[in-house]
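J.: Handing you this structure, nothing more for now.
The values are calculated or read from the model by the stated rules, or taken from the named source; none is laboratory data. It should be emphasised that the depicted structure is a prediction, and the values quoted were computed from it without experimental measurement. Neighbour counts run over all protein chains shown; Cβ positions are idealised from the backbone, glycine included. Just the protein is used for accessible areas: all its heavy atoms, side chains included, with ligands, DNA and RNA removed. Shrake-Rupley method; radii C 1.70, N 1.55, O 1.52, S 1.80 Å.
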Amino acid sequence: MVDLLGRAGYLSEAEEFIENMPIEPDSVVWAALLGACRIHQNVELGRRVAERLFDMDPQDSGNYVLLSNLYASLGKWDEVEEVRKLMIDRHVITRPGYSWTQIKKKIKSLTGNIQQERIGVIYATMKEFYNNMKDPSYDSDLKSLKYDAEEEKEDAHAHLYHS
């Protein structure tokens, strides 16, 4: 319910719903609201929710990333840097992501350690998929690209390779 309210832009209603729950809301519920704050760029509520999440689960890197992405989407780079410093000070570790795919009925894991000789083929295939699926009305939201990838924003397709 919180996710639905939040995504629809009813952030205060979602917060009220959480506050009036008959059980103690867990970090998953609060994180759904923080994600909605990023979508709707509500920094004030996002900061309050993030602080609550940091108290509940100080080692969950996802909460820091959500807050950082909220700041990044608004160009608040000093705040992004503050969140990163907080993560360092609290020894919060972000784990590298990976994707799963099925190839010829076998499950494969794609990590950041893809063999270099294959990376060109993978990128070319992804670009081909992108060009085939591209809707003329589609406009990528590059505002919340990760802070480290600022220089990659110049490459129109760089954000496609992120995941």
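J.: From the list Asn63, Asn69, which residue is assigned to a helix (DSSP H, G or I), surrounded by 10 or more Cβ atoms within 10 Å (Cβ to Cβ) and touching a Lys or Arg at 6+ places or on another chain (Cβ under 6 Å)?
T.: Just one listed residue meets the conditions, Asn69.
J.: Could you please let me know if Arg52 is open to solvent by 40 Å² or more (accessible area, probe 1.4 Å) and either over 16 Å from the mean Cα position of the chain (by Cα) or closer than 20 Å to Thr94 by Cβ (or both)?
T.: yes
Here is a yes/no grid of residues against (1) surrounded by 12 or more Cβ atoms within 10 Å (Cβ to Cβ); (2) assigned to a helix (DSSP H, G or I); (3) out of contact with any Lys or Arg (no Cβ under 7 Å at 6 or more places or on another chain):
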position	(1), (2), (3)
Leu45	yes, yes, yes
Val80	yes, yes, yes
Ile93	no, no, yes
Thr101	no, no, no
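J.: Only one residue in Leu74, Leu86 is within 30 Å of Asp55 (Cα to Cα), open to solvent by less than 60 Å² (accessible area, probe 1.4 Å) and of a type outside the set (D, E, K, R), so which one is that?
T.: Every option except Leu86 fails the conditions.
J.: For residues in the stretch 103-131 being outside any strand (DSSP E or B) and under 30 Å from Asp57 (Cα atoms), which is modelled with the highest pLDDT?
T.: Of everything passing the filter in the stretch 103-131, Thr111 is modelled with the highest pLDDT.
J.: Kindly indicate whether Phe17 is of a type in the set (Phe, Trp, Tyr) and either outside any helix (DSSP H, G or I) or open to solvent by 80 Å² or more (accessible area, probe 1.4 Å) (or both).
T.: Yes, satisfied.
J.: Can you tell me which residues in the stretch 20-38 are hydrophobic (A, V, I, L, M, F, W, C), within 14 Å of Arg52 (Cβ to Cβ) and outside any helix (DSSP H, G or I)?
T.: Met21
J.: Give all pairs with beta carbons closer than 8 Å in which a residue from the stretch 69-98 that is basic (Lys, Arg) meets a residue that is open to solvent by 50 Å² or more (accessible area, probe 1.4 Å) and not in a loop (DSSP other than H, G, I, E, B); count only pairs at least 6 apart in sequence or on separate chains.
T.: Qualifying pairs under 8 Å: Arg84/Tyr147.
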